[in-house]
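Participant: First, the structure itself, so that you have it in front of you.
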Amino acid sequence: METCFRSVSKLLLTTTLRRLSFCRYMAQAQRHAPSANTPTHGSKGVGDPPHGFDYFLVLDFEATCDNKNDPRPQEIIEFPVLKVSGRTFETEATFHTYVTPDVHPQLTPFCTELTGIIQDMVDGQPSLTQTLKDFDTWMVEQGLLTPGVSSVFVTCGDWDLRKMLPSQCSYLNIPVPSHFKQWINIKKSYSQVTGHWGKSMMMMLRNLKLEHQGRHHSGIDDCRNIARILGELARRGAYFQVTSWR
Ligand code: AMP
Ligand code: MG
């Protein structure tokens, strides 16, 4: 009886905390007025997507890690971005590179096991500093920095752009490119559409009745699965807005 009471109390507490976190997010979203890169509904011409983004840039980093204590500093080892059309939700182009860590170039067996990234895949690859330059060139080539073209990054959680990239840039003493300063956390978009917290990519796929494809924790495969969640949320009428800032 007592155990049952404790379980119910724990469940109620968890639900309340999740609701509070969701309300805090909604309040934060209202405080941040849309900027030049976050067009509002109806701000563009007839035939434009209702959410106002020409492209979604789905991004999912993989980084050095270990079973208990991650290497310090943690470093990006895979940098994939999909350019997804805001009209058709099809992927139109891909930026993908593995990245050589500057400080701990040797991957741990745990990291290889988790991500499927073997030592050969990172050896001889560009550093993060070079990768950011290459990515900028790709953005230009893809017309993503052209005035009048709007795009927004999409990630699963806030770790990639709130924690991982800024901390490594700070360690390397290089600025975080300004286009990485706001993004859509797909977990929050999922919550807006379904009313349930999007706990993880695997949970969202399951609940949306989408089969997981590829290898979990491979950055490029994670991007493809996140893009499928994005497309399904759009099909269910999602109105996408920037959810996160730094
Ligand atoms: P993900 O996008 O979920 O594949 O994870 C991004 C990064 O977070 C991975 O490349 C790892 O550095 C770290 N990570 C994810 N899951 C774990 C885990 N179970 N244990 C340790 N590190 C993890
Ligand atoms: Mg991943």
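The values are calculated or read from the model by the stated rules, or taken from the named source; none is laboratory data. Because the structure is a prediction, the values reported are computed rather than measured. Cβ placement follows ideal geometry from the backbone for every residue including glycine, while neighbour counts extend to all protein chains displayed. These area figures cover heavy atoms from the full protein model, side chains too; ligands, DNA and RNA do not enter into them. Shrake-Rupley method; radii C 1.70, N 1.55, O 1.52, S 1.80 Å.
So that you can scan it fast, the table gives a plain yes or no per residue for (1) closer than 19 Å to residue 84 by Cβ; (2) within 16 Å of ligand 1 (Cβ to nearest atom); (3) part of a loop (DSSP other than H, G, I, E, B); (4) open to solvent by 20 Å² or more (accessible area, probe 1.4 Å):
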site	(1), (2), (3), (4)
157	yes, yes, yes, no
175	no, no, yes, yes
183	yes, yes, no, no
187	yes, yes, no, yes
191	no, no, no, no
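Participant: Next question. May I ask you to say which residue of 61, 89 is more than 16 Å from ligand 2 (Cβ to nearest atom) and aromatic (Phe, Trp, Tyr)?
Facilitator: Working: 61 fails: more than 16 Å from ligand 2 (Cβ to nearest atom).
The match here is 89.
Participant: May I pose another question? Checking residue 242 against (1) assigned to a helix (DSSP H, G or I); (2) more than 16 Å from ligand 1 (Cβ to nearest atom); (3) open to solvent by less than 30 Å² (accessible area, probe 1.4 Å), only one condition comes out false. Which one?
Facilitator: Of everything listed in (1) assigned to a helix (DSSP H, G or I); (2) more than 16 Å from ligand 1 (Cβ to nearest atom); (3) open to solvent by less than 30 Å² (accessible area, probe 1.4 Å), residue 242 misses just condition (1).
Participant: Name the residues in region 210-232 that are among the hydrophobic types (A, V, I, L, M, F, W, C), out of contact with any helix residue (DSSP H, G or I) (no Cβ under 8 Å at 6 or more places or on another chain) and either more than 10 Å from ligand 2 (Cβ to nearest atom) or open to solvent by 10 Å² or more (accessible area, probe 1.4 Å) (or both), would you? It would help to see each step written out before you state the result.
Facilitator: Initially, region 210-232 is screened for residues among the hydrophobic types (A, V, I, L, M, F, W, C), giving 210, 220, 223, 226-227, 229-230.
After this cut, where a residue has to be out of contact with any helix residue (DSSP H, G or I) (no Cβ under 8 Å at 6 or more places or on another chain) as well, the list is 220, 223, 227.
Of everything in region 210-232, those that are among the hydrophobic types (A, V, I, L, M, F, W, C), out of contact with any helix residue (DSSP H, G or I) (no Cβ under 8 Å at 6 or more places or on another chain) and either more than 10 Å from ligand 2 (Cβ to nearest atom) or open to solvent by 10 Å² or more (accessible area, probe 1.4 Å) (or both) turn out to be 220, 227.
Participant: Scan region 102-141 for residues that are assigned to a loop (DSSP other than H, G, I, E, B) and hydrophobic (A, V, I, L, M, F, W, C) and report the count.
Facilitator: Taking region 102-141 as the starting set, the residues that turn out to be assigned to a loop (DSSP other than H, G, I, E, B) are 102-108, 116-118, 123-127.
From what is left, the residues that are hydrophobic (A, V, I, L, M, F, W, C) are 103, 107, 117-118.
Here the count works out to 4.
Participant: Next up: Test residue 187 against the criterion of being of a type in the set (Lys, Arg), farther than 28 Å from residue 137 by Cα, away from ligand 2 (no atom under 14 Å from the Cβ) and out of contact with any Asp or Glu (no Cβ under 8 Å at 6 or more places or on another chain), and give yes or no. Lay out the reasoning, then the answer.
Facilitator: On the way: of a type in the set (Lys, Arg): yes; farther than 28 Å from residue 137 by Cα: yes; away from ligand 2 (no atom under 14 Å from the Cβ): no; out of contact with any Asp or Glu (no Cβ under 8 Å at 6 or more places or on another chain): yes.
No.
Participant: I would also like to ask the following. Tally the residues that are under 18 Å from residue 166 (Cα atoms) and either crowded, with 16+ Cβ neighbours inside 10 Å or polar (S, T, N, Q) (or both), restricting the search to region 113-134.
Facilitator: The total comes to 6.
Participant: From the set of residues in region 86-107 that are polar (S, T, N, Q) and farther than 23 Å from residue 144 by Cα, which is least open to solvent (accessible area, probe 1.4 Å)? Outline the logic, then answer.
Facilitator: Taking region 86-107 first, the residues polar (S, T, N, Q) are 88, 91, 94, 97, 100, 106.
Then keep just the ones that are farther than 23 Å from residue 144 by Cα; that gives 100, 106.
On the way: 100: 34, 106: 133 Å².
That would be 100.
Participant: Now for a separate question. If only one of 110, 22 is at pLDDT 95 or above and open to solvent by 50 Å² or more (accessible area, probe 1.4 Å), which one is it?
Facilitator: On the way: 22 fails: at pLDDT 95 or above.
Just one listed residue meets the conditions, 110.
Participant: Restricted to region 66-85, and to residues that are within 16 Å of ligand 2 (Cβ to nearest atom) and part of a loop (DSSP other than H, G, I, E, B), which residue is most open to solvent (accessible area, probe 1.4 Å)?
Facilitator: Step one: filter region 66-85 for residues within 16 Å of ligand 2 (Cβ to nearest atom), giving 70, 74-82.
Of the ones still in play, those that are also part of a loop (DSSP other than H, G, I, E, B) are 70, 74-75.
On the way: 70: 51, 74: 27, 75: 4 Å².
Among residues in region 66-85 that are within 16 Å of ligand 2 (Cβ to nearest atom) and part of a loop (DSSP other than H, G, I, E, B), the one most open to solvent (accessible area, probe 1.4 Å) is 70.
Participant: Still on this structure, please answer the following. Are there any pairs with C-beta distances below 8 angstrom linking a residue in region 214-226 that is acidic (Asp, Glu) to a residue that is open to solvent by 20 Å² or more (accessible area, probe 1.4 Å) and within 10 Å of ligand 1 (Cβ to nearest atom), with the two at least 6 apart or on different chains, and if so which?
Facilitator: Close Cβ pairs (under 8 Å, with a partner that is open to solvent by 20 Å² or more (accessible area, probe 1.4 Å) and within 10 Å of ligand 1 (Cβ to nearest atom)) amount to 221/215; 222/156; 222/216.
Participant: Let me ask something else. Return the residue satisfying two criteria in turn: it lies in region 193-209 and is open to solvent by less than 20 Å² (accessible area, probe 1.4 Å) and out of contact with any Lys or Arg (no Cβ under 6 Å at 6 or more places or on another chain), and of such residues it is farthest from ligand 1 (Cβ to nearest atom).
Facilitator: So in region 193-209, the residues open to solvent by less than 20 Å² (accessible area, probe 1.4 Å) come out as 198, 201, 204-205, 208.
Now narrow it down to the ones that are out of contact with any Lys or Arg (no Cβ under 6 Å at 6 or more places or on another chain): 201, 204-205, 208.
Working: 201: 7, 204: 13, 205: 13, 208: 18 Å.
Going through the qualifying residues, I end up with 208.
Participant: Kindly provide the set of residues from region 112-162 that are under 25 Å from residue 241 (Cα atoms) and within 14 Å of ligand 2 (Cβ to nearest atom), ordered by number.
Facilitator: Within region 112-162, 154, 155, 156, 157, 158, 159, 160, 161 qualify.
Participant: With respect to the numbered conditions (1) part of a helix (DSSP H, G or I); (2) open to solvent by 70 Å² or more (accessible area, probe 1.4 Å), which one is the sole condition not fulfilled by residue 167?
Facilitator: (2)
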